[in-house]
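Let me begin by presenting the structure, written as structure tokens, before commenting on it.
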Amino acid sequence: WLALTPVALSVLLFSLGLFIPESPRWLAWKQRPEAAKSALARLRGGAQHIGQELEEIHAVVRQAGGKVSCGDMLTSQRALLIGLTLMFIQQFSGVNAVIFFQDTIFMSAGLKNADSLGFMVMVVQVLMTAVSIPLMDTAGRKFLLLTACGGMLLCCLGLACFFQFFQNKGWLALVCSFGYIAFFSLGLGPVPWLMMGEVFPGKIRSSASSLAAGFNWTCSFITTETVSGIRGLVGYSGVFVIYGAFLLFGLAFIASLVPETKGRSFAEIEALLSRPRRDVPLIPMDS
């Protein structure tokens with residue numbers, strides 16, 4: 001059944017994908033304005049809600065015409081900095097260390113059924129990711145990122161203290177492991193991928209998103225390949241202290257440089273990131 005489960009999920013994903021409308025931006029880029037209007041109306045719940053957004057889509061497509069050069073990428077330095085740094089923080093937060101070594105953490109804590117507990121950690125990851133979806137548009141992207149980094153930092157410090165001082169406190173390892181994955185899934189896991197598509201200007205969005213995705217997987221490769229070596233040098237406690245330091249950097253970076261994008265159109269976000277000031281009055285998308 002373990003082999004059949006991913007097959008069934010793949011079939012389900014393919015079947016549901018047949019009902020997903022084509023991207024309005026792609027249709028506009030292909031010079032199919034009526035199809036773009038129809039797709040956007042379907043996604044927004046009616047043609048009466050799409051007037052301003054449809055105009056912005058066509059404006060972005062006209063702006064993005066032609067090839068993207070390195071100069072075009074460098075004109076959006078702040079957007080690139082935000083997109084790439086969020087991917088860096090996501091991977092160097094140590095999520096791979098917690099996932100890959102969770103069985104070892106549980107066994108070191110003297111907890112029985114480490115395999116079952118590891119499975120429950122993954123269940124928590126799925127559930128908290130589902131919880132984060134509505135919160136992105138209510139609590140906001142920045143709030144979720146700050147909450148995730150702060151919570152994960154506390155959990156990293158808790159795991160470091162467990163391995164260094166309190167290895168007889170199994171509850172501490174259990175709480176910190178579950179809490180770490182819960183906070184990651186709430187904010188630092190999904191939000192950077194969402195904001196990647198929001199902060200990049202239309203002209204460079206495709207190229208910059210590809211660059212950010214490649215950078216993310218490069219960081220993932222580095223953290224995966226180095227965690228064992230770092231553990232050999234400084235032990236598990238040192239590993240989690242190091243990842244905690246990256247999360248502390250993430251807190252400072254997000255608090256000072258990452259804008260809130262909730263409720264703002266692509267045009268508003270682009271204007272926000274092109275200005276020297278960090279705060280721009282919020283303009284409702286349906287105004």
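The values are calculated or read from the model by the stated rules, or taken from the named source; none is laboratory data. Please read all numbers here as calculations on a predicted model, not as lab measurements. Heads up, the Cβs are rebuilt from the backbone with ideal geometry, glycines too, and the neighbour counts pull from every protein chain shown. Heavy atoms of the whole protein, side chains included, go into the accessibility calculation; ligands, DNA and RNA do not. Shrake-Rupley method; radii C 1.70, N 1.55, O 1.52, S 1.80 Å.
Taken along the Cα-to-beta-carbon direction at a fixed 7 Å, the label points for L4 and L43 span 3.7 nm. So which DSSP H runs in the chain come out at 24 Å plus along the axis (Cα) with average Kyte-Doolittle of at least -1.0? Taking the DSSP H segments of the chain (at least 24 Å long, mean hydropathy at least -1.0), we get 114-138, 141-164, 205-257. Protection proxy ranking of 45-53, 139-147, 215-223, 154-162, by the mean of other Cβ atoms within 10 Å over each peptide's residues and highest first, is 154-162, 139-147, 215-223, 45-53.
For the chain, what is the accessible area per residue in Å² when the probe is 1.4 Å? Write out the running numbers ahead of the final one.
Numbers: 15260 Å² over 287 residues.
Averaged over the residues of the chain, the accessible area is 53 Å².
Please find the FRET efficiency linking Q77 to V175, where r is the Cβ-Cβ separation and R0 is fixed at 41 Å, and quote it to the nearest 0.05. That gives a FRET efficiency of 0.50. Here F14 and T129 are evaluated by their C-beta separation; at R0 = 25 Å the FRET efficiency comes out at 0.75. Distant-in-sequence amide contacts of G94, defined by a placed amide H-H separation under 5 Å and a gap of 5 or more residues or a different chain, comprise nothing.
Can you send over the carbon and sulfur percentage of the accessible area for the chain, probe radius 1.4 Å, protein chains only? Carbon and sulfur together cover 68 percent of it.
Label region 146-239 by shape, choosing from rounded, prolate and oblate, from the square roots a ≥ b ≥ c of the eigenvalues of the Cα gyration tensor; if a/c is under 1.5 it is rounded, and otherwise prolate applies when a/b is larger than b/c, oblate when it is not. Since a/c reaches 1.5 but b/c is at least a/b, the shape of region 146-239 is classed as oblate. With contacts taken as Cα pairs under 8 Å at a separation of at least 6 residues, region 115-193 carries a relative contact order of 49 percent.
Stretching F249 away from S228 to a fully extended chain increases their span by 5.3 nm, per 0.36 nm per residue minus the current alpha-carbon distance.
Gain on full extension, evaluated as 0.36 nm per residue between A213 and S116 minus their Cα-Cα distance, stands at 31.7 nm.
The phi torsions of region 18-32, fed into the Karplus equation with coefficients 6.51, -1.76 and 1.60 and a -60° offset, translate into couplings of 5, 9, 7, x, 5, 4, x, 5, 5, 5, 5, 5, 8, 6, 10 Hz, rounded to whole numbers, with Gly and Pro shown as x. Between amide H atoms placed 1.01 Å from N, distances below 5 Å from K262 occur with R141, K142, all of them 5 or more places distant or on a separate chain. For K262, a cut-off of 26 angstrom between C-alpha atoms picks up these lysines, skipping any fewer than 8 places away in its own chain: K37, K142, K203.
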